[in-house]
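Heads up, the thing below is written out as structure tokens.
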Amino acid sequence: MIRRIAVVGGSLAGLRAVETLRNAGFDGSITVIGDELHLPYDRPPLSKRLLSGEWEPDRIVLRKPDDMDSLDVDWHRGVAATALDPERCSIVTSDGSNVTYEGLLMATGASARTLPGQDEHDHVMTLRTLDDALELRRR
């Protein structure tokens, strides 16, 4: 019987996976690894209401903190999964941590595409994350 599940991806898909597991009665440990510092949030308002200043970040969270706590998840935020060893059932993260699992769910989502040479121009930004939207709004 599986007692430890790791979810790689801390956005909407990862959150929905956790909710589905808990709603199905899974009471083992769940670890979510996500490279953003923020808990899962709704992305469409980033380029609309958040960017315009109409909304603040607390309006786009997908679950209130108490609701997140009730899911009983060990969140590894702000770290990326950098290596997977399926034979040892382990994941290495960008901070050097090693997360072991018995069941693994990959929910990594998408990343923004950039243009060649984009990094050479300070005035060109990518809008994909909450931090991107807040920085663009600040500018």
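The values are calculated or read from the model by the stated rules, or taken from the named source; none is laboratory data. All values derive from a computational prediction rather than experimental measurement. Don't worry about glycine lacking a Cβ; one is built from the backbone with ideal geometry, like all the others, and counts go over all protein chains shown. For accessibility, only protein heavy atoms count, side chains too; no ligands or nucleic acids. Shrake-Rupley method; radii C 1.70, N 1.55, O 1.52, S 1.80 Å.
At-a-glance table
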{"read-out": "Neighbours by Cβ (under 7 Å, 6+ apart or cross-chain): first from the stretch 100-127, closer than 21 Å to residue 47 by Cα; second part of a strand (DSSP E or B) and open to solvent by 70 Å² or more (accessible area, probe 1.4 Å)", "value": "none"}
{"read-out": "Number of positions in the stretch 32-44 that are under 13 Å from residue 128 (Cβ atoms) and in contact (Cβ under 8 Å) with a residue 12 or more places away in the chain", "value": "5"}
{"read-out": "Candidate set: the stretch 73-82, residues that are part of a strand (DSSP E or B) and of a type outside the set (Asp, Glu); chosen: the one least open to solvent (accessible area, probe 1.4 Å)", "value": "73"}
{"read-out": "Single match in 115, 134, 127, 104 (criterion: of a type outside the set (Phe, Trp, Tyr) and in a strand (DSSP E or B))", "value": "104"}
{"read-out": "Any hit, the stretch 65-82, residues being of a type outside the set (Phe, Trp, Tyr), on the phi > 0 side of the Ramachandran plot and at pLDDT below 95", "value": "no"}
{"read-out": "Condition met for residue 63 (loosely packed, with under 15 Cβ neighbours inside 10 Å, out of contact with any Gly (no Cβ under 9 Å at 6 or more places or on another chain) and under 27 Å from residue 126 (Cβ atoms))", "value": "no"}
{"read-out": "Single residue of 29, 94, 70, 47 found to be open to solvent by 50 Å² or more (accessible area, probe 1.4 Å) and touching a residue at least 60 places away in the same chain (Cβ under 8 Å)", "value": "47"}
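One line per residue, one yes/no per condition, for (1) under 12 Å from the mean Cα position of the chain (by Cα); (2) of a type outside the set (Phe, Trp, Tyr); (3) surrounded by 14 or more Cβ atoms within 10 Å (Cβ to Cβ); (4) assigned to a helix (DSSP H, G or I):
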site	(1), (2), (3), (4)
13	yes, yes, yes, yes
19	no, yes, yes, yes
25	no, yes, no, no
36	yes, yes, yes, no
51	no, yes, yes, yes
